[in-house]
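Structure first, then comments.
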Amino acid sequence: MELEKLKQLTGEGDETVLSSLLLRSENIILSETNREKLTPALDRLLPELVIELYNRSGSEGEQSRSEGGISVTYSESGLSTGLLQRIRMHRLARVAGHVFEKE
């Protein structure tokens, strides 16, 4: 994913912040799916995850937040339930402690 696209989506000008969020997002997706590389379907979820992590900056560790009549509840992982479910749809099963991914 291009940093320019992320700049437009988030309004963040600091490429270091965006690069860090992008790397963190990739690692979260790979960890949640037991994969070693992103598939095209998972790559399409990257912008959403980067935006979610960017918007969540400064409120890490919170389980819920109410502000101005709006209430938001986070899952244990800190990600929205809907996005986490869409990521986990691509999860590979472990068999005897091993994951077999198509090349």
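The values are calculated or read from the model by the stated rules, or taken from the named source; none is laboratory data. In this text the structure is predicted, and so the values were computed from the model without any measurement. Glycine also receives a Cβ, built like all others from the backbone with ideal geometry; neighbour counts cover every protein chain displayed.
At a glance:
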read-out: All positions within the range 93-103 that are aliphatic (A, V, I, L, M) and either modelled with pLDDT under 80 or touching a His at 6+ places or on another chain (Cβ under 8 Å) (or both); value: Val95, Ala96, Val99
read-out: Failed item in (1) loosely packed, with under 15 Cβ neighbours inside 10 Å; (2) touching a strand residue (DSSP E or B) at 6+ places or on another chain (Cβ under 8 Å), with Glu15 passing the rest; value: (2)
read-out: Long-range neighbours under 6 Å by Cβ, at least six apart or interchain, first residue surrounded by fewer than 18 Cβ atoms within 10 Å (Cβ to Cβ) and among the hydroxyl-bearing types (Ser, Thr, Tyr) within the range 41-66, second in a helix (DSSP H, G or I) and modelled with pLDDT of 80 or more; value: Tyr54/Thr10; Tyr54/Leu21
read-out: The lone exception for Pro40 - which of (1) at pLDDT 85 or above; (2) over 20 Å from Ser19 (Cα atoms) it fails; value: (2)
read-out: Any hit, the range 18-26, residues being farther than 29 Å from Lys102 by Cα, surrounded by 11 or more Cβ atoms within 10 Å (Cβ to Cβ) and at pLDDT 85 or above; value: yes
read-out: Subset tally (residues that are hydrophobic (A, V, I, L, M, F, W, C), over 15 Å from Lys37 (Cα atoms) and modelled with pLDDT under 90) for the range 72-92; value: 2
